[in-house]
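Mind having a look at this structure? Questions to follow.
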Amino acid sequence: MSLLERLEKQKTPSESLREKEKKHHKKVKDEYSELKIKVHKEIIDNVDKELKQNSGLSDEEISKKVEEMVINILNRDASFLPYSTKQKISSEIINEVLGFGPIESLIKDDEVSEIMVNGPNQVYVERKGKLVLTDVNFRDDTHVMHVIEKIVAPIGRRIDESMPMVDARLPDGSRVNAIIPPLSLNGPVLTIRKFAQDPLKITDLIRFGTLTPTIAKFLEACVKSRLNIIISGGTGSGKTTTLNVLSSFIPNDERIITIEDAAELQLQQDHVITLETRPPNIEGKGGISMRDLVRNALRMRPDRIVVGEVRTGEALDMLQAMNTGHDGSLTTAHANSPRDILSRLETMVLMAGMELPVKAIREQIASAIDIIVQQNRLRDGSRKITHITEVLNMEGETIVLQDIFRFEQEGVDAKGNILGKHYATGIVPKCINKFKTEGINLPQHIFTR
């Protein structure tokens, strides 16, 4: 959606802001709220007239004109205010008109990795893995709803009482989740998982201590050898970031199809097809699920299938794809350990509605998955790959696993930072034979403890 269309959508809500402001009693009163509302309304009206006269303006030109209008109106109606105050008000109004209101500065802050709006009067952010309460406030619930609608409307999503939850994304690919009353008793709740403008590289993960250069070489060999890899971990553990980094090892001459609920992967290859699910319409029809997209992807001649996250029955289709010649696939899932992810996969396969014996499901998993990368967020906020685990075969009713690399916590320093190191378990993985077949030679001493 262009900036012109976004500005057009603001005309209606802005007209009711004054009445909403009068009815709402905030904990922290904004002494310039009346002025801001007045300026905001005038800006929307003026921009509308300007755009009718100059319909061919670019987004950059519109932004410049809005900034000029705000400054002129403030100089006219609030000349008594100090310069610094006018600059602050001007910045807030510009963010409201062109951006996402009070949280626009947080979205632009590179140190903020997550934004959590818990109703109009409480906004938390995550910085360096730690939650911090900010001084950002919205006017009222309507103000929060207005920002949510600005986020979800451009990608064809909607949120209202009949559909009070939504997953969406910002223009930069950051993941957004919103849930509103009556489900949320705190008012509208907005959660934004930000992603860096420049995708992280494997060197960044090494610098952060997420993994070591040795583990990085091993994972690069796994991807280039077309092993099927699943990245497991808890919420906020960095699974998607690691998936992005591993996908960078896929050769540039391969056709890659990505499948996600809300598109957020940042693959850098030339030949990438991005598929995204679609929620049902107001009549409950027209929804396209992950299962539908996985099945369709198999007909699109993929060299690689990358599924953002498996949650339900699409796990069965994913495993079948891995077992029918679509090797080198990558995906993520929620689990606390490599053994747990196997149990989760069993459950997800059963959610597909197929009455399969547990042993048959386990055999399917054992033959499909080659490597499990377990990633956890530790108590100090750091993200670590804690296990690199190879999936072997079945022994009786059990899938045999063996850890190739692990992270061992050794203690905590005076600042609360976790001390520890990655180490090789001493087991040489069976997949090393596949590496040799593909012409990749890793020295065996890297697996020595």
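Identify, please: which residue in region 57-90 is within 34 Å of the chain's Cα centre (by Cα) and not in a helix (DSSP H, G or I) and is, among those, modelled with the lowest pLDDT?
Leu57
Within region 186-216, which residues are in contact with a helix residue (DSSP H, G or I) (Cβ under 7 Å, 6 or more places away or on another chain), of a type outside the set (S, T, N, Q) and under 30 Å from Ser367 (Cβ atoms)?
Ile202, Leu205, Leu211, Ala216
Okay, moving on. Could you list, in sequence order, the residues of region 206-255 that are of a type in the set (D, E, K, R) and either closer than 15 Å to Arg383 by Cβ or in the same structural domain as Ser174 (by TED's automatic domain parsing) (or both)?
Result: Arg207, Lys239.
Moving to a separate point now. Scan region 379-398 for residues that are out of contact with any Asp or Glu (no Cβ under 7 Å at 6 or more places or on another chain) and surrounded by fewer than 17 Cβ atoms within 10 Å (Cβ to Cβ) and jot them down.
Selection gives Arg379, Asp380, Leu392, Asn393, Glu395, Gly396, Glu397, Thr398.
Do you know which residues across region 179-200 are surrounded by 15 or more Cβ atoms within 10 Å (Cβ to Cβ) and under 16 Å from Leu106 (Cβ atoms)?
Val189, Leu190, Thr191, Ile192, Arg193, Lys194, Phe195, Ala196
Sticking with this one: Just to be sure before I move on: is Gly426 in contact with a helix residue (DSSP H, G or I) (Cβ under 9 Å, 6 or more places away or on another chain), surrounded by 14 or more Cβ atoms within 10 Å (Cβ to Cβ), on the phi > 0 side of the Ramachandran plot and not basic (Lys, Arg) in the structure I sent?
Considered against the rule, which asks whether it is in contact with a helix residue (DSSP H, G or I) (Cβ under 9 Å, 6 or more places away or on another chain), surrounded by 14 or more Cβ atoms within 10 Å (Cβ to Cβ), on the phi > 0 side of the Ramachandran plot and not basic (Lys, Arg), Gly426 comes out as no.
Go through (1) within 16 Å of Ala221 (Cβ to Cβ); (2) assigned to a loop (DSSP other than H, G, I, E, B); (3) touching a strand residue (DSSP E or B) at 6+ places or on another chain (Cβ under 7 Å) one by one and return the number of the condition Asn441 breaks.
Asn441 satisfies all of (1) within 16 Å of Ala221 (Cβ to Cβ); (2) assigned to a loop (DSSP other than H, G, I, E, B); (3) touching a strand residue (DSSP E or B) at 6+ places or on another chain (Cβ under 7 Å) except (3).
Can you tell me how many residues in region 284-317 are assigned to a helix (DSSP H, G or I), within 21 Å of the chain's Cα centre (by Cα) and closer than 19 Å to Glu254 by Cα?
Result for region 284-317: 1.
On the given criteria, is Ile273 part of a strand (DSSP E or B) and more than 25 Å from Ala216 (Cβ to Cβ)?
The answer is yes for Ile273.
Please count how many residues of region 94-149 are part of a loop (DSSP other than H, G, I, E, B) and over 17 Å from Lys194 (Cα atoms).
Residues meeting the conditions: 10.
Per-residue answers, yes or no, for (1) under 21 Å from Met351 (Cα atoms); (2) touching a Gly at 6+ places or on another chain (Cβ under 8 Å):
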site	(1), (2)
Gly233	yes, no
Thr242	no, no
Ser247	no, no
Ile257	no, no
Leu265	no, yes
Gln269	no, no
Val272	no, no
Arg299	no, no
Arg304	no, yes
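Among the residues of region 207-258, how many are assigned to a loop (DSSP other than H, G, I, E, B), hydroxyl-bearing (Ser, Thr, Tyr) and touching a residue at least 60 places away in the same chain (Cβ under 8 Å)?
5
State whether the residues of region 171-180 include one that is over 24 Å from Gly287 (Cα atoms) and assigned to a loop (DSSP other than H, G, I, E, B).
Yes; the residues of region 171-180 include at least one that is over 24 Å from Gly287 (Cα atoms) and assigned to a loop (DSSP other than H, G, I, E, B).
The values are calculated or read from the model by the stated rules, or taken from the named source; none is laboratory data. Quick caveat, the model's predicted, so the values are computed rather than measured. Every residue, glycine as well, gets a Cβ built from its backbone with ideal geometry; the counts of neighbours run over all protein chains shown.
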